1. So in segment 52-88, with the set limited to residues that are among the polar types (S, T, N, Q), assigned to a loop (DSSP other than H, G, I, E, B) and open to solvent by less than 100 Å² (accessible area, probe 1.4 Å), which one is modelled with the lowest pLDDT?
2. Being without any contact (Cβ under 8 Å) to a residue 24 or more places away in the chain and open to solvent by 60 Å² or more (accessible area, probe 1.4 Å) is true for just one of Ile33, Ile91, Ile40. Which residue is that?
3. If you scan segment 7-23, which residues turn out to be open to solvent by less than 90 Å² (accessible area, probe 1.4 Å) and of a type outside the set (A, V, I, L, M, F, W, C)?
Amino acid sequence: MNKDCTGCGTCVLKCPKHCITMKLTQEGFYYPIKDTNNCINCNLCEKVCHLNHSQPQFNLLPKLYAFVNNNPSHIKQSSSGGFFPNIASHIIRNCICNIHG
């Protein structure tokens, strides 16, 4: 196990033989302990550990979408900044009409 372990427990969840348990250290942090007698050396615990990947596995940056409604009455009457009336009109025009022919 990695000395820089963050105690996330992903290795515990990934182990097919359930030979990794989280133990509380004297410092008050959980650390994975591997039972080497039951380990089949599949290395899934190492493969899933985020510390063993130089690049993030997930894109944590949120996407940003912006919308501007040019109709002032829609903006005043809507809690969504006028987005809902426009998207609803678009769906009604393009989707429902296509269903009926």
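The values are calculated or read from the model by the stated rules, or taken from the named source; none is laboratory data. Everything quoted here is computed from the prediction, not taken from an experiment. So basically every Cβ, Gly included, is an ideal-geometry build from the backbone, and we count neighbours across all protein chains shown. Note: areas computed on protein heavy atoms with side chains; ligands, DNA, RNA excluded. Shrake-Rupley method; radii C 1.70, N 1.55, O 1.52, S 1.80 Å.
1. As a first pass, look at segment 52-88 and keep what is among the polar types (S, T, N, Q): 52, 54-55, 57, 59, 69-71, 73, 77-80, 86.
Checking which are assigned to a loop (DSSP other than H, G, I, E, B) leaves us with 54-55, 57, 59, 69-71, 78-80.
Subsequent filtering for residues that are open to solvent by less than 100 Å² (accessible area, probe 1.4 Å) retains 69, 71, 78, 80.
Values: Asn69: 83, Asn71: 84, Ser78: 78, Ser80: 71.
Step by step, filter segment 52-88, then rank; the result is Ser80.
2. Ile91
3. Those that are open to solvent by less than 90 Å² (accessible area, probe 1.4 Å) and of a type outside the set (A, V, I, L, M, F, W, C): Gly7, Gly9, Thr10, Pro16, Thr21.
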